[in-house]
Amino acid sequence: MWAVTISVLIADDQELVRTGFQMILDAQPDMRVVAAVADGAEAVAAARRLRPDVCLLDIRMPKLDGLEVTRLLAGPGVEDPLRVVIVTTFDLDEYVYGALRSGATGFLLKDSGPALLIEAVKAAADGEALVSPSVTVRLLRQLVQPRRSAVSADTSLTDRELDVVRLVARGRTNQEVAAELFVSLSTVKTHLGSITAKLGVRNRVGIAAWAWESGVVS
């Protein structure tokens, strides 16, 4: 739970989208939009200068697209990565999966509505991903084509860790995972830490993407 205001950067080349998102977020007592920019280059510059808690990025933007911006702000090799939420349309933009692999902590659909937008920002600010089954699972199913029918032997995931992976890939929150597996919340977090280390991913979205790609869930 955040005791202070969550600062947010919005990057989208559509003025209507930027204005709409800013109105929604600025109306929240615990959120403040610190920048609203129209292209990827501006997004990188503003994010590095302002260090917002959450960067809300469109996929398709002039100068630098959302994938490249995500890589620069949150990708492998970035010492102090920012938290990025990718915004996409229901057309399942081909760049979304790449953006998640580049370090994004989550994504949502532009027509998801105010409640889901707020949920996505809060989840990212808390270091988690938006894991709503109606969004995450549906997108991952269509974005990731399973390449293997079994888990790769070199991951060395335990049976319980695989249980956690499957639930995360199906959009469960930490609390829901704990309830379904009859374990404590701290135990779930410990498993997630071990899983991300073994798989070489940054967050639960990376875990979910790996699960769909590997055929652990179908």
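The values are calculated or read from the model by the stated rules, or taken from the named source; none is laboratory data. Predicted, not measured: the structure shown is a model, and the values here were computed from it. Ideal geometry is used to build each Cβ from the backbone, glycine not excepted, and the neighbour counts take in all protein chains shown. The area values use the complete protein model at the heavy-atom level, side chains included, leaving out ligands, DNA and RNA. Shrake-Rupley method; radii C 1.70, N 1.55, O 1.52, S 1.80 Å.
In table form, for the structure just shown:
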read-out: Count - residues of segment 129-161 that are at pLDDT 85 or above and either crowded, with 16+ Cβ neighbours inside 10 Å or under 18 Å from the mean Cα position of the chain (by Cα) (or both); value: 2
read-out: Those residues of segment 16-40 which are in a strand (DSSP E or B) and open to solvent by 50 Å² or more (accessible area, probe 1.4 Å), in sequence order; value: ARG32
read-out: Test: residue in segment 52-63 that is in contact with a Leu (Cβ under 8 Å, 6 or more places away or on another chain), open to solvent by 10 Å² or more (accessible area, probe 1.4 Å) and touching a residue at least 24 places away in the same chain (Cβ under 8 Å); value: no
read-out: Identity of the residue in segment 169-190, more than 19 Å from the chain's Cα centre (by Cα) and in a helix (DSSP H, G or I), that ends up nearest to ALA74 (Cα to Cα); value: THR190
read-out: Criterion: in contact with a strand residue (DSSP E or B) (Cβ under 9 Å, 6 or more places away or on another chain) and within 18 Å of ASN203 (Cβ to Cβ) - qualifying residue of THR88, THR19, THR5; value: THR88
read-out: Residues that are surrounded by fewer than 24 Cβ atoms within 10 Å (Cβ to Cβ) and more than 24 Å from VAL4 (Cβ to Cβ), drawn from segment 64-77; value: LEU64, ASP65, GLU68, ARG71, LEU72, GLY75, PRO76, GLY77
read-out: Contacts under 7 angstrom Cβ, first residue in segment 6-23 being over 10 Å from LEU56 (Cβ atoms), partner at pLDDT below 95 and among the aliphatic types (A, V, I, L, M), 6 or more apart; value: ILE6/VAL121; ILE6/ALA125; ASP13/MET61
read-out: Every pair of residues 6+ apart whose Cβ atoms lie under 6 Å, when the first sits in segment 108-130 and is closer than 16 Å to ALA11 by Cα while the second is in a helix (DSSP H, G or I) and open to solvent by less than 10 Å² (accessible area, probe 1.4 Å); value: LEU108/ALA120
read-out: Residues that are under 20 Å from ARG83 (Cβ atoms), basic (Lys, Arg) and not in a loop (DSSP other than H, G, I, E, B), drawn from segment 191-218; value: ARG204
read-out: Residues that are at pLDDT 80 or above and surrounded by fewer than 19 Cβ atoms within 10 Å (Cβ to Cβ), drawn from segment 95-116; value: LYS110, GLY113, PRO114, ALA115, LEU116
